[in-house]
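Novice: Sharing a structure with you now.
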Amino acid sequence: MDDFKHYTVMLNEAVDALECKDGKIYVDCTLGGGGHSELILKRISPNGKLISFDIDDEAIAHAEERLSGYNNICIIKSSYTNIKSELQKLGIEKITGGVILDLGASYHQLTKAERGFSFSKNAPLDMRFDIQNDFSAYDVVNSYKEDDLVRIFSEYGEERFSKRIAKKIVEIRSKKPIQTTCELADLIISATPRIKSSVHPATRVFQAIRIEVNNELKNVNNVLHDILDLLEVGGIISVLSFHSLEDRIIKQFFKNESRRCRCNEMICKCPPPKLELVNKKPILATQEEIKENPPSRSAKLRIARCIS
């Protein structure tokens, strides 16, 4: 697995947030390269328990090798969206320590040409985190109605030329299917005006398609509710996000669940808040880390503790 590359963003900050204690149960919802899991294991051994999730076979193989020296980890090949059912299978009713959720796609996924995430490398349109899924970027690009393409480019990519790009896609695919990342990137360039920017014209559309293919935003929202149900009082949620859409969901969820009143009635009948915010403003990567790993500049870390 020497070709597997993954930089663990905000390693210490994200794990420090969990206040790891020996003997407690922790969950890493996004195993990836195993960086966060390894540091958690160092801090909770020998009696703590870590359950780590991933759907990427290559990531799991790499992590299993990296973490082979630990016998208190259980790696599950499943989406974190199945956290409740998978923990139930293990006989775990409550997460006593905490949960870490790193929502960034791995360097390995984004840069390996055949995975089809990158517009800088020609490959079949794919973008699946779980390669066993049938639904891919090809399906979005070649089967979605024009209005639906406009919607996902606008909502998930915040692309201001969504209508132009969607119209061009429909026009081109009516003659022959759009097969590759470079075909799509070239199409986007031809459909949009030239603007001075350091951001490639295809960036936002590729992000939007990736989010749609993997149901990323819906999954984040759902898993936060599941985690809150599973956390024991005192347990901590540590969440790393990498774009404004994800961060908005996390911020709003933490805000809603930490408010004392959510009804705005004269006489409040709301149940007590379930969370308290550990940090009101997100923690950002240091300048040293950004210099070493430029993508970490977009990372935001939010932390909350279960209080009821």
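The values are calculated or read from the model by the stated rules, or taken from the named source; none is laboratory data. As the structure is a computational prediction, the values presented were derived from the model and not from experiment. No Cβ is skipped: glycine too gets one built from the backbone with ideal geometry, and neighbour counts run over all protein chains shown. Keep in mind that these areas ignore ligands, DNA and RNA; they rest on the heavy atoms of the full protein, side chains included. Shrake-Rupley method; radii C 1.70, N 1.55, O 1.52, S 1.80 Å.
Novice: Among all residue pairs at least 6 apart or on different chains, which show Cβ distances below 9 Å where the first residue, located in segment 137-166, is farther than 15 Å from Asn214 by Cα and the second is in a helix (DSSP H, G or I) and of a type in the set (Phe, Trp, Tyr)?
Specialist: From residues that are farther than 15 Å from Asn214 by Cα, the pairs are Glu159/Phe153; Phe161/Phe153; Ser162/Phe153; Lys163/Phe153; Ile165/Phe153; Ala166/Phe153.
Novice: Follow-up. In segment 275-295, how many are crowded, with 18+ Cβ neighbours inside 10 Å, touching a strand residue (DSSP E or B) at 6+ places or on another chain (Cβ under 9 Å) and not β-branched (Val, Ile, Thr)?
Specialist: Total satisfying the criteria: 2.
Novice: Kindly indicate whether Asn47 is surrounded by fewer than 21 Cβ atoms within 10 Å (Cβ to Cβ) and touching a Leu at 6+ places or on another chain (Cβ under 9 Å).
Specialist: no
Novice: In addition: Looking only at segment 130-141, count how many residues are farther than 18 Å from Arg204 by Cα and open to solvent by less than 40 Å² (accessible area, probe 1.4 Å).
Specialist: Within segment 130-141, residues that are farther than 18 Å from Arg204 by Cα and open to solvent by less than 40 Å² (accessible area, probe 1.4 Å) number 1.
Each row is one residue, and each column tells you yes or no for (1) buried (at least 16 other Cβ atoms within 10 Å of the Cβ); (2) of a type in the set (Lys, Arg).
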| residue | (1), (2) |
| --- | --- |
| Leu187 | yes, no |
| Gln207 | yes, no |
| Arg210 | yes, yes |
| Asn215 | no, no |
| Asn221 | no, no |
| Asp229 | no, no |
| Gly234 | no, no |
